[in-house]
Each structure stands twice: as C-alpha cells, then as structure tokens.
Amino acid sequence: MRISGVVVDVEDSVEAADFYATVLGLPVTREPGAAVVQVGATTLTLRHNPETRGVHHLAFTIPSNKFDAAKRWVSQRAEVMSRGGEDEFEYDAGWNARSFYFAGPNGSVLEFIIRRDLGNAVDGDFGSGDLLCVSEVGVAVPDVLATAGMLAAEAGVEPYGLEPRDRFAPVGDIDGLVILVSPDRTWFPAEDRLSAESRILIDAVGDRPGDFALGSESVLSIRSE
C-alpha cells in the first residue's frame, strides 16, 4: 500500500507551511486556506481549520543508509524527541526498521524512518530530496480493533508486525501504514501530545480499490495501479 496523498486539518496552515518549507526544505504551494507539500512520492495537503482537535503523527521514509546523517540534519533544524533518555528507536517483530522523532508544526509528532528491507540506499549527502514518501499516517478511531478488522476483511489491508490491540494497531505493509490509535492516546515518544478524531483523507495504491471509513471523519481511498 503506497501512500500517494494525505489531507490533514491543522490549526494554522501558515505555520505548517513555513515549517515544511523552511525547516524541511520541501516544495510548498500556498493556497487560500491550505498548503500543499510535496514529500517525495506523496502529496501532503495541510488544510486550515482552527477548530481541529488533537495532534498529528506522520512518518517519512528515508534511504536506509542515511539514518545518522538525517538525524544530524534534523537536529540542526528541529527538536529531536526522546523517551527515557533514548532518541533512536529500533523496531524488530518483522519491521526491520529504525527511526527517530522530532517536533513538527501545530504540535505534530514527525518521524524519519529507515526500512532496511526496501533496499533503497543512495549515495550523497542527506537533504530534503531524501524524504522519499509519507509512509505512516496516524489516525484516531473510536474502535481500533473493529476498524483493523474491517480493513483486513474489506480492503485487504492487514495488521503489520504485531497483533492489533484495543488502543494501537499498525495496518498496511512496508510501503505504507495507517497507525490506528484510540482517541486521547499519546503519540510516542511524547508524553503530552494527544491524538483525537479529526478529518484525515488518505489516498493509496493497493490491490482492492474502494473507499473505507476510518471512524466518522477520516477515509482511506485505495486505487489500483
């Protein structure tokens, strides 16, 4: 499941646009009431909505050989986040990945992640062009287990790496994941940045085309190649 587009509501689209343009150095098109950011193969639209609730979590895949360089690059531009004195996190249980997190605009929790099994190492210094895509989108839903079950049965989007739990379930594959969480769950590694149901639209390429409701406001739209 490759994520080609994400639309999220943000409290301040001007602040968000400035962050993605000046901090991460990505191409940003500013529109009335929104900003459109090109993150490698993914188009990220930040829709202005001062009444939106909670904060967002997005992860960006980077080349597998550039973890250390990416962390140094981000450390010069944003706050790298830690938990228990650690600011690098290794994921086993089928993920074969490593990541670090940093503070984004409007309270968001952003993540750079290497997925070793993708085999996407490239030469050169790290820069904004090494943000290959949005590969994880956090979505708060009222019933995590029911939503994960629906996506598996109807969309062919299976749990990834671990069995779904009642407050947390990653679903998808190595290319793209939806991180289902219960409302008011903290986004790791923060301790005070809470999820909430909000309007999120995800466009992806997968095997079973269709539109699939994620709670009352969010939708996963899958199209075939």
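The values are calculated or read from the model by the stated rules, or taken from the named source; none is laboratory data. Note that the structure is a prediction, hence the values are computed from the model and not measured. Cβ: placed from backbone, ideal geometry, glycine included. Neighbour counts: every protein chain shown. Ligands, DNA and RNA are excluded from the accessible area calculation, which covers all protein heavy atoms including side chains. Shrake-Rupley method; radii C 1.70, N 1.55, O 1.52, S 1.80 Å.
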* **Yes/no for A204 being closer than 28 Å to L24 by Cβ and assigned to a strand (DSSP E or B)** => yes
* To do: Kindly provide the set of residues from the range 152-176 that are surrounded by fewer than 20 Cβ atoms within 10 Å (Cβ to Cβ), more than 17 Å from the chain's Cα centre (by Cα) and hydrophobic (A, V, I, L, M, F, W, C), ordered by number.
  => A152, A153, L162
* Whichever residue in the range 1-60 is of a type in the set (D, E, K, R) and assigned to a strand (DSSP E or B) and, among such residues, is modelled with the lowest pLDDT -> E31
* Structure fact -> In the range 74-97, residues that are assigned to a strand (DSSP E or B) and either open to solvent by 60 Å² or more (accessible area, probe 1.4 Å) or hydroxyl-bearing (S, T, Y) (or both) total 4
* Structure fact -> The lone condition I62 fails out of (1) more than 14 Å from the chain's Cα centre (by Cα); (2) under 20 Å from P189 (Cβ atoms); (3) open to solvent by less than 30 Å² (accessible area, probe 1.4 Å); (4) not charged (D, E, K, R) is (1)
* Structure fact -> Over the range 1-59, the set of residues in contact (Cβ under 8 Å) with a residue 24 or more places away in the chain, under 15 Å from S128 (Cβ atoms) and surrounded by fewer than 16 Cβ atoms within 10 Å (Cβ to Cβ) is D18, G25
* Asked: Is it true that some residue in the range 134-151 is in contact with a Gly (Cβ under 7 Å, 6 or more places away or on another chain), closer than 30 Å to K66 by Cα and buried (at least 18 other Cβ atoms within 10 Å of the Cβ)?
  -> yes
* **Residue check for I179: open to solvent by less than 30 Å² (accessible area, probe 1.4 Å), in contact with a strand residue (DSSP E or B) (Cβ under 9 Å, 6 or more places away or on another chain) and under 18 Å from G107 (Cβ atoms)** => yes
